[in-house]
Structure formats: C-alpha cells, structure tokens
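**Q** Here it is: the structure, laid out below.
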Amino acid sequence: MSKEKILETVEQSGLVAVIRGMEPTAMSRIARALVAGGVRALEITMNSPQPLKMISEVRSLLEGTEVTIGAGTVLDPESARSAILAGAEFIFAPNLNRRVIEICRRYSCPVVPGAMTPTEMVRAWEAGADMVKIFPAGGLGPGFIKDMGGPLPQIKLVPTGGIDLHNAGAFIEAGAAALGVGGSLVDKDMVAAQDYDGLTRRAQAFRRVIEEARSK
C-alpha cells in the first residue's frame, strides 16, 4: 500500500490492534481472527518474541488484502529500520524520538510517535509525525482528547492504553482519529484457550462501538 492508503486504512477502520507478547506459532491464527472481525490495522510490538519474524510472516499471510501490518513499541531508529525492512508498513512508538521519525520519513513509512502534553504533540507534528499517539490515554480520558481538539485541530490523535469497550465510543466521539487497543481486544486468555472465534467477536464488538460513535 502507498503511505496515503495506509493512513486512510487506519483512520477509516478507527481501530489498531496492538498485539504484544504473543508466541509466533499463534500469530497467523490471531491475525486471521482479528481480520475476520473487521480489524484492518495490526500492530506487532517490538518487545514481543521474534517480532521481525512475525511481521514478515503476517505481511505475507495478508498480502493482497486491505489490511496493513505495522510495528509498535519502536523506541529507536535502528528498531524502526529493522521493522520496515521486515515488512512493517507503519511505525508506532510510546515516546517521541525525532530520529525514529526521520528514518520513517526516509522510507516513506507512516509514523505515529507517542506524546502526552500539548508541547510534545506539537514537537512530534513539526518533526513530521503523520498522527500522534496519546499514551497512556486511559488515565487522561476522552475529555483530554476533546480539549486538545480546540487548540490543535490539525493533529490527528490516536489514544492508546486503557481503551476498552466501555470507553472506546467516548474517545471516538471526543475526536480521536483511531484507537490503539491491546489487551482488551487481543485477550491473552482467549489466545491461550485457542478461542479465536472469541477474538473475532471481540473485534466485531469494537468495530460496532466505533461505527455507532461516528454516526452520532
């Protein structure tokens, strides 16, 4: 996908599945289950076992689909470059590292660094971020996203951390461009029990909440 198409996919879907700490042997089934539930953006974190191998395999698995695969928890430019060369189509980070943004722009790869304050958001935007990840968002709440939309409407925000089915709609209504959702979507107990139909239903539930919030 082109950079523009990847960003469009993330925003239209409104949901980025954050896949952390999963065993590589389960990755293909997790990916299929989430995609069956309507997820169109899969983020494999770099602090997972063999993340580059999983990124490469899932990218091949979903080749030709409208699903985009990226890397998360990317803390440094070396990790960003390795992930991109392994097939990652976007990069998410919990922090703001200008060199990570520079590497991603060099490869025309969408980059979404993390920020918490207005100053960090503007610095990320000025450095070339395509969106800004608000992390951790759970403690800040939907009201923070709404408040930031006043002075900084040009910056597309992706709240991540502490997002679940109870507050996802409120974050979307507050103006979030998309949501990064980890454990409340990619449930470790479901994976351990090989309840992949359960993962699909959970993904469908998140998609319904997002669509309903956007229709208001």
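Only the coordinates and a few stated rules stand behind these numbers; no lab work does. This structure is a prediction, so every number in the text was calculated from the model and none was measured. Methodologically, a virtual Cβ is constructed for each residue, glycine included, from the backbone with ideal geometry; neighbour enumeration extends over all protein chains shown.
**Q** Packing-wise, with mean Cβ within 10 Å as the measure, how do 191-197, 103-109, 156-162 rank, highest first?
**A** Details: 191-197: 13.9, 103-109: 17.7, 156-162: 23.3.
Highest-to-lowest ranking by the protection proxy: 156-162, 103-109, 191-197.
**Q** Decide, for the range 140-209, between rounded, prolate and oblate: order the square roots of the alpha carbon gyration tensor eigenvalues as a ≥ b ≥ c, take rounded if a/c falls under 1.5, and otherwise choose prolate if a/b is larger than b/c, else oblate. Kindly include the intermediate steps, with their values, before the conclusion.
**A** Working: a/c = 3.16, a/b = 2.73, b/c = 1.16.
It comes out prolate by the Cα gyration axes.
**Q** Show me the GluC sites (Glu not before Pro) within the range 11-63 that DSSP assigns to loop and that have at most 14 other Cβ atoms within 10 Å of their Cβ. Mind showing how you got there, number by number?
**A** On the way: sites: E11, E43, E57, E63; in loops: E63.
Sparse-neighbourhood loop GluC sites (Glu not before Pro): E63.
**Q** Using 7 Å Cα-to-Cβ label points, what is the T119/E23 separation (nm, one decimal)?
**A** Simple spin-label model gives 4.6 nm for this pair.
**Q** Along each of the three principal axes of the Cα atoms of the range 3-214, give the extent in whole Å, ordering the values from largest to smallest.
**A** Here the Cα extents, ordered largest to smallest, are 45, 37, 27 Å.
**Q** Given C-alpha coordinates of the range 1-113, what is the ratio Rg to Rh with the Kirkwood estimate of Rh?
**A** 0.93
**Q** How many lysine pairs in the chain, separated by 8 or more positions in sequence or lying on different chains, have Cα atoms less than 17 Å apart? Spell out each step's value before the answer.
**A** Numbers: K3/K156; K5/K156; K133/K146; K133/K156; K146/K156; K146/K216.
Lysine pairs meeting both conditions in the chain amount to 6.
**Q** Using only DSSP helix segments of four residues or longer, with each worth -39500 (n - 2.57), what per-residue ellipticity at 222 nm results for the chain after dividing by its residue count and rounding to 500? Write out the running numbers ahead of the final one.
**A** Working: 11 runs with 102 residues, N = 216.
Here the helix-only value at 222 nm equals -13500 deg cm²/dmol.
**Q** Let me ask something else. Using per-residue counts of other Cβ atoms within 10 Å, averaged over each peptide, order 142-152, 25-35, 83-93 from highest down.
**A** 83-93, 25-35, 142-152
**Q** Let me have the relative contact order for the chain, percent, based on Cα pairs under 8 Å that are six or more residues apart.
**A** Numbers: 430 pairs, mean separation 45.3, N = 216.
Relative contact order for the chain comes out at 21 percent.
**Q** Let me ask another. What nm distance separates the two modelled labels at D195 and Q50, each placed 7 Å from Cα along Cα→Cβ?
**A** So the label points at D195 and Q50 sit 2.7 nm apart.
**Q** Any chance you could check the Cα centroid distance between the range 170-216 and the range 2-59 for me, in angstrom?
**A** Going from one Cα centre to the other spans 13 Å.
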